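The values are calculated or read from the model by the stated rules, or taken from the named source; none is laboratory data. Note that this is a predicted model, so its numbers are computed, not measured. Glycine also receives a Cβ, built like all others from the backbone with ideal geometry; neighbour counts cover every protein chain displayed. For the accessible areas, the whole protein counts, side chains as well, though only heavy atoms, and no ligand, DNA or RNA atoms are used. Shrake-Rupley method; radii C 1.70, N 1.55, O 1.52, S 1.80 Å.
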2 protein chains.
Amino acid sequence: MTSETPKQVLLSALAEVAKAIAHPHRLELLEQLAQGERGVEAVAERTGLSVANASQHLQQLRRAGLVSARRDGKFVRYRLADDAALDLLRTLGTVAERNVAAVDRLIRGYFSERDGHEPVTREELLERSRLGLVTVLDVRPPDEYALGHLPGAINIPLLELESRLAEIDPAQEIVAYCRGPYCVLSYEAVAALRARGFSVRRLEDGLPEWRAAGLPVETWASGQSVFR
Amino acid sequence: MTSETPKQVLLSALAEVAKAIAHPHRLELLEQLAQGERGVEAVAERTGLSVANASQHLQQLRRAGLVSARRDGKFVRYRLADDAALDLLRTLGTVAERNVAAVDRLIRGYFSERDGHEPVTREELLERSRLGLVTVLDVRPPDEYALGHLPGAINIPLLELESRLAEIDPAQEIVAYCRGPYCVLSYEAVAALRARGFSVRRLEDGLPEWRAAGLPVETWASGQSVFR
DNA sequence: CAATCATTCAATTATTCGATTGAATACAGG
DNA sequence: CCTGTATTCAATCGAATAATTGAATGATTG
């Protein structure tokens, strides 16, 4: 008979939680849910998973206590369980960024312009935005914007940026944001706008972190991204 | 040919780090290494793993950037790579404690006396200890004490506590600590000493957290514990 | 209450992971 | 340079995990 010590039980429980985040698809699901509440089909489509597969992964996350589900009519809507879950993802990102060569290369390469321009802190943006000194630009897809966005932010998805430049006041400083520290959208938006002479900076992290910091979120229907 | 997007590469890299902490044995190894630097055989014996098995787990941790190794004569000594690794373990513990029923039961049950007495904060202990107002009691095994301990702490392993009560000044308040928030030693020491009329409290967390907070550690040879 | 839709369950298969064993490498000391 | 010790590597086997498929459940709508 295998008798288990309390310590083993504890370590196994911790390992269960870790296992839940130890798969790329589940991490992607978590990033999605960090933007806001979503049904199974919505996240399945967005991540390219089959509905059944997404459902199973979501249930693993639910068993680990990382996401919670509620029934809403015929939909089951999932979302991050709490801020601790977001914290765990951010901490995971920190470790990976410091220690895993592949991540470091991505950050410094594809995510260009990492240095050269300090991101705007949440506190600074909040203040300057209240004073009407900046244009806040949300470059995520419209449905994520709908799930929730920074107060007063205008939404121009990255793909439409070039054709909608007229909507941006060239005289004001722009602060762009997207899903989180590993989201490429805002990096690319900054690069594109700078090339056209706009004064642009990135917000540190993204909407999930903004929300987790307890700062106000505007919503008329919806969400953001998350690692580190 | 499978072409991988940067996003997939990133998520896979994050998942690799998560996988490294997704096994009870590796978590136990990390808790050991959080106490201080150790050779392969030392952690193997202490965790009950075969040397070869421990070596392989340690290498997985090393690949994930969670621990670092250096050669020291004929030994290879492993230790936690950095404070980010400790942070990750603590965050994992937080999520598990909030969300996993088994952990919650352990905390409230076996780890008795969780409530009723607030733990002493590091800041409070540091101050009162400098003023000579408290006896700091390290109840970990002597070899972990040797790897490093709180300044001025006396070391009485839990098993020897009853026979060495005379070494403790009954007039002074005692603060006991051990490996970390999930270490039972200090809980049991507090219960035992209280039953004998001593005034005792626990230090919040344990030695790894103390060290990570940048507070002074005394050492004449050696270590502590880590989750949450 | 039947029809429909969103989600979950169950069974299958391919892949990956963990532990064990025995051999190989690296270093220290004589 | 040889021997003993510490650690790692390589190969193996059994167990666990992931994705797929198709069927089952639960809830809304007519």
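How big is region A:112-212 on each of its three principal axes, counting only the C-alpha atoms and giving the largest first in Å?
Extents along the principal axes, in whole Å: 33, 27, 27.
Round to the nearest 10 and give me the degree value, 0 to 90, for the angle of helix A:6-20's Cα axis relative to the longest principal axis of chain A.
So the helix axis and the longest Cα principal axis differ by about 40 degrees.
Within a 10 angstrom radius of each residue's Cβ in A:86-92, how many Cβ atoms of other chains show up on average? Whole number is fine.
Per-residue shielding by partner chains comes out at 6.
So who's got an amide H within less than 5 Å of the one on residue A:36, skipping anything under 5 residues away but keeping other chains? H placed 1.01 Å off N, in plane.
Counting only residues 5 or more places away or on other chains, the set is A:224.
Where Lys and Arg each count +1 and Asp and Glu each count -1, what net charge lies around residue A:157 among other residues with Cβ under 15 Å from its Cβ?
Computed value for this residue: -3.
Calculate how many DSSP beta bridges within chain B are antiparallel, expressed in % of all such bridges and rounded to the nearest 5.
40
Stokes-Einstein diffusion coefficient for region A:6-81 at 20 °C in a medium of 1.002 mPa s, Rh from the Kirkwood formula over Cα pairs: what value in µm²/s?
170
Report, to the nearest 10°, how far helix A:51-63 tilts away from the longest principal axis of the Cα atoms in chain A, using its own Cα long axis and a range of 0 to 90°.
70
Per residue of A:137-146, count partner chain C-beta atoms within 10 Å of its C-beta, then hand back the mean as an integer.
0
For region A:6-81, report the accessible area per residue in Å² (1.4 Å probe, heavy atoms, rounded to an integer).
Heavy-atom SASA per residue in region A:6-81 reads 44 Å².
What's the buried accessible area, both sides, between B and A using a 1.4 Å probe, rounded to 100 Å²?
What B and A bury together is about 3600 Å².
Could you list which residues have their amide H under 5 Å from that of residue B:176, counting only those 5 or more apart in sequence or on another chain, with H placed in the peptide plane?
Counting only residues 5 or more places away or on other chains, the set is B:137, B:201, B:202, B:203.
Using a probe of 1.4 angstrom, how much of the accessible area of region B:115-199 is carbon and sulfur, in percent?
Ligands and nucleic acids excluded, carbon and sulfur give 54 percent.
What FRET efficiency would be calculated for the residue pair residue A:215, residue B:196, taking the C-beta separation as r and a Förster radius of 45 Å, to the nearest 0.05?
0.30
Averaged over its residues, how many other protein chain Cβ atoms are within 10 Å of peptide A:178-187's Cβ atoms?
1
Just to confirm, what accessible area per residue do you get for region B:111-212 at 1.4 Å probe, in whole Å²?
I get 43 Å² per residue for this part.
Of all accessible surface on region A:6-81 at a 1.4 Å probe, what whole percent is carbon and sulfur?
Heavy-atom surface of region A:6-81 belonging to carbon and sulfur, 1.4 Å probe: 45 percent.
Which value at 222 nm does the protein assembly as shown reach when only helices count, each DSSP H run of 4 or more adding -39,500 (n - 2.57), with the total divided by all residues and rounded to the nearest 500 deg cm²/dmol?
-13500 deg cm²/dmol
Enumerate by residue number the trypsin sites (Lys or Arg not before Pro) in region B:21-96 meeting two conditions: DSSP loop (anything except H, G, I, E, B), and at most 13 other Cβ atoms within 10 Å of the site's Cβ.
Qualifying residues, ordered by number: B:74.
Relative contact order for region A:112-212: what is it in percent, counting Cα pairs under 8 Å that are at least 6 residues apart?
It comes to 32 percent, rounded to a whole number.
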